[in-house]
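The structure appears below as structure tokens.
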Amino acid sequence: PVGWWTFVYAAALALRDRNLYVGGYFETLGGQNRYCLAAVDVATGQATGWDPSPNNGVWTLAASDSVVYAGGAFTSLGPWAYRNHVAALDAATGEVTPWDPNAAGYYVGAVAARDTVVYVGGDFGSIGGATRVGLAEIGAVSGLATAWDPQANGVVEALALEGSRLYVGGGFSSLGGQARRCLAAVDLESHTVLPWVADANDKPTGLTVGDGTVYAWGFFGSIGGESRAGLAALDAETGAVRAWNPAPDSWVNAVAVGDSAVYVGGWFSHIGGQERVCIAAVDAETGLATEWNPGANDEVEALAVSGNTVYAGGRF
């Protein structure tokens, strides 16, 4: 299914127990034939028997206790499991579960799981048996859309959960009937758009939350009225832009928050005031690059942190 691709890379990482789940565009991983989605033993680096075999790229992953949710450009997994752009896989076996929201559109770019529901973002016009543009809340058991209609008027590229709050990023100008340019926050108890405003001049492609801060990255050059070159830190409560400004000289693809630093991957050569090629650790307070310097020789697309280990995926 992927032999014709001229590019190979890992685009999404998710950790669960001893497994690192990897999605992207590839046909071998960890010494085994694996198409676009695999699980790797974190101790050995070898592929496990987990092998869903989607027929196209996987761009986003979210791992819960027993299920791995995958989103991307695929329309099937394995020989007979037809799933439009989003699927749930048994975390232990890799078997495709019956969950089937059937996202009708071009792709799913973001997935986040919370309790009994799954949030799905992407470029679609219907999902879970209902008209939903760009963003939907889907029952984790039924695969059907809930009554909540977020009413995004554009593509949703990024989701981040923090408690009962969902942060949303993408190419929209309104959400839930409220004017929000490319960024918004939703209270999931009431399903109302919060007065958290951090308008960006172009779409974020990723969001993550840590220590009271929302990190956003993507195509924007300004956010919340402040100049930020594709990477910014926002107050998780108010949306105010923090002074933190590593100022990468090219685009950012991934951010992961560690205990002592913020790890950044992308296609840059300078960040945080230092020469750092495609991957760096940035001080969470000052925005300056630390001494940590792996020096990737090509683009970094995905990051995950567990304890003292940083996992990186990309084109390097």
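Here are the numbers for this structure:
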read-out: Top-ranked residue of the stretch 285-316 - restricted to ones that are under 21 Å from the mean Cα position of the chain (by Cα) and of a type in the set (Phe, Trp, Tyr), ranked as most open to solvent (accessible area, probe 1.4 Å); value: 316
read-out: Residues that are more than 26 Å from residue 60 (Cα to Cα) and not in a strand (DSSP E or B), drawn from the stretch 267-292; value: 272, 273, 283, 285, 286, 287, 288, 290, 291, 292
read-out: Residue within the stretch 49-70 that is more than 20 Å from residue 9 (Cβ to Cβ), open to solvent by less than 30 Å² (accessible area, probe 1.4 Å), of a type in the set (Phe, Trp, Tyr) and part of a strand (DSSP E or B) present; value: yes
read-out: Failed condition for residue 137, given (1) of a type in the set (D, E, K, R); (2) over 21 Å from residue 207 (Cβ atoms); (3) in a strand (DSSP E or B); value: (2)
read-out: Which listed residue, of 98, 79, is over 22 Å from residue 216 (Cα atoms), at pLDDT below 95, open to solvent by 10 Å² or more (accessible area, probe 1.4 Å) and not in a strand (DSSP E or B); value: 79
read-out: Counted residues, the stretch 50-76 - those being at pLDDT 95 or above and among the charged types (D, E, K, R); value: 1
read-out: Which numbered condition residue 87 misses (of (1) within 23 Å of residue 220 (Cβ to Cβ); (2) in a strand (DSSP E or B)); value: (1)
read-out: Residue match in the stretch 111-126 (condition: assigned to a loop (DSSP other than H, G, I, E, B) and either closer than 26 Å to residue 80 by Cα or open to solvent by less than 40 Å² (accessible area, probe 1.4 Å) (or both)); value: no
read-out: Failed item, numbered, when residue 74 is tested on (1) in a loop (DSSP other than H, G, I, E, B); (2) under 23 Å from residue 167 (Cα atoms); (3) in contact with a Pro (Cβ under 7 Å, 6 or more places away or on another chain); (4) not small (Gly, Ala, Ser); value: (2)
read-out: The stretch 204-216, subset hydrophobic (A, V, I, L, M, F, W, C) and open to solvent by less than 20 Å² (accessible area, probe 1.4 Å), residue nearest to the chain's Cα centre (by Cα); value: 207
read-out: Qualifying residue in the stretch 145-152 (condition: open to solvent by less than 40 Å² (accessible area, probe 1.4 Å) and not in a loop (DSSP other than H, G, I, E, B)); value: yes
read-out: Residues satisfying the stated conditions in the stretch 273-312, i.e. within 15 Å of residue 257 (Cβ to Cβ) and small (Gly, Ala, Ser); value: 280, 281, 284, 287, 302, 304, 306, 307, 312
read-out: Tabulated pairs, the stretch 37-55, first under 15 Å from residue 81 (Cα atoms), second open to solvent by 10 Å² or more (accessible area, probe 1.4 Å) and in a loop (DSSP other than H, G, I, E, B), C-beta under 7 angstrom, 6+ apart or interchain; value: 51/34; 52/78; 53/35; 53/78; 54/35; 55/1; 55/75
read-out: Residue ID - modelled with the lowest pLDDT, chosen from residues in the stretch 225-266 that are in a loop (DSSP other than H, G, I, E, B), open to solvent by 40 Å² or more (accessible area, probe 1.4 Å) and aliphatic (A, V, I, L, M); value: 229
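Residues checked against (1) free of Cβ contacts under 8 Å to residues at least 24 places away in the same chain; (2) closer than 15 Å to residue 166 by Cα; (3) aromatic (Phe, Trp, Tyr):
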{"residue": "190", "(1), (2), (3)": "yes, yes, no"}
{"residue": "207", "(1), (2), (3)": "no, yes, no"}
{"residue": "210", "(1), (2), (3)": "no, yes, no"}
{"residue": "213", "(1), (2), (3)": "no, yes, no"}
{"residue": "224", "(1), (2), (3)": "no, no, no"}
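The values are calculated or read from the model by the stated rules, or taken from the named source; none is laboratory data. Please read these numbers as outputs of a predicted model, since none were measured by experiment. A quick note on method: Cβ atoms are made from the backbone with ideal geometry, for glycine too, and the neighbour counts reach across all protein chains shown. Keep in mind that these areas ignore ligands, DNA and RNA; they rest on the heavy atoms of the full protein, side chains included. Shrake-Rupley method; radii C 1.70, N 1.55, O 1.52, S 1.80 Å.
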